[in-house]
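Student: Mind having a look at this structure? Questions to follow.
What follows draws every value from the coordinates through simple rules; no lab data is involved. The shown structure was predicted, so the numbers you read here are calculated from the model rather than taken from an experiment. Positions of Cβ are backbone-derived with ideal geometry, glycine not excepted, and every protein chain shown enters the neighbour counts.
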């Protein structure tokens, strides 16, 4: 059970946060002053602190520094209704994970808390004294696989991380682990003790993208936060800014991003003072940016600036040997999380997993294993538990170039591949043709025809 400490001098805020977070099964301790919070640090040992920037007895930044002195890995989210840009940025520089304005959105706060706790877990396994632990590499391998293709990729990531500020472009389909790779580059770099800030460019309205990236001054536009707001570049100062789905940025914002990358300076929206910038940018996209350049939708100079260092995350269908190990890992993960005995996978179910197209890549596989653990009351995954995987995409593999997922299929003819699949089903059904037909999702008459065609023994 994760331990969360709430430090705020407003009893209504403390009580509302406690009620909100108790629904997520966290262990909560509330403190009414900065002194009270500091005194309880050693005994309660929180993994996360929700800390008000303005406290009655002392400044929130003082409490933040005290927290970091006792345990650098304790994550802190600042709560503020009237904090200035300078105080917010200073909190991030002093090690705060993020901040949220009062009155806060409950959904956003819960998401921020989960992310902060995930980072704490990552840091526990990956960082000590500013250097990555052995567990950091292990964590990346667990979530993405250890096929020869991925092993080469890990070696490349380790090399890219040694460059202090060169931009990195990570390309790949959705669900291949681009964000995980970006965070690993940051953890292995010399910037690992500084912030790792994420921004999904596809989720920001075009009119707000500039203010999200560069921030805005007080009174810059109607409806903004009264005191202004720092942008992601400012919050990532000294660390890494991860721009996910960078291909969705508008041409105007692309131009301003190029200026930051080249000159290391920028202006806030409505600002007249040039701000120096020390941030490493890692960008990711599931689009073909060169094709976007040819279409005139993405700046050519920005593309070459971003792709100074470039890696491609391979889709799951290109590394079949990772499918079953990842399936077993996710099964173990979710079984442990939900208090269920570990599930095994039957041979025919393995064949189905290997033969699925996995258009959603590792994310789809992870979600599939979680669904099975939550919905099925069994100690073995059988073909009927995987019926939800059947989709039109499975029948268009030949057109998409995905091919079959059966091991070694690239060296087999169609007839050889079908013979293997039929034999696996018959073996799973122990010679029972009715059961084998049901496992394959075909009629018994069709199965008998296939058995005769391939002269199989039952």
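Student: Dividing the alpha-carbon radius of gyration of the stretch 130-314 by 2.2 N^0.38 Å (N being the number of residues), what value is obtained?
Tutor: Values: Rg = 16.7 Å, N = 185, 2.2 N^0.38 = 16.0 Å.
Relative to the 2.2 N^0.38 Å estimate, the stretch 130-314 comes out at 1.05.
Student: Further, regarding this structure: Show log10 I(q)/I(0) for the stretch 239-320 at q = 0.12, 0.14, 0.20, 0.26 Å⁻¹, two decimals, from a solvent-free Debye sum over equal Cα scatterers.
Tutor: Result of the Debye calculation: -0.41, -0.54, -0.98, -1.40.
Student: Calculate, in nm to one decimal, what residue 190 and residue 388 gain on full extension: separation in residues at 0.36 nm each, minus their alpha carbon distance.
Tutor: Values: separation 198, 0.36 × 198 = 71.28 nm, distance 4.47 nm.
Taking residue 190 through residue 388 to full extension adds about 66.8 nm, to one decimal.
Student: Roughly how many nanometres apart are two label points built 7 Å out from the Cα toward the Cβ at residue 449 and residue 332?
Tutor: Result for the modelled spin labels: 4.4 nm.
Student: Given points 7 Å out from each Cα along the Cα-Cβ axis, report the residue 114 to residue 69 separation in nanometres with one decimal.
Tutor: Output for this residue pair reads 3.6 nm.
Student: Stretch residue 380-residue 304 to full length: gain in nm at 0.36 nm per residue minus the Cα-Cα span? Each step should come with its number before you reach the end.
Tutor: Details: separation 76, 0.36 × 76 = 27.36 nm, distance 4.96 nm.
The residue 380-residue 304 span can extend by a further 22.4 nm.
Student: How high is the relative contact order of the stretch 3-126, in percent, counting Cα pairs under 8 Å that sit 6 or more residues apart? Display every interim value, and only then the final one.
Tutor: Working: 189 pairs, mean separation 28.0, N = 124.
23 percent.
Student: If I model a spin label as a point 7 Å beyond the Cα along the Cα-Cβ vector, how far apart are those points for residue 105 and residue 363 in nm?
Tutor: About 1.9 nm separates the two model spin labels.
Student: Then there's this: For residue 318 and residue 250, calculate 0.36 nm times their separation in residues minus their Cα-Cα distance, and state this gained length in nm to one decimal.
Tutor: On the way: separation 68, 0.36 × 68 = 24.48 nm, distance 3.23 nm.
Using 0.36 nm per residue and subtracting the Cα-Cα distance, I get 21.3 nm.
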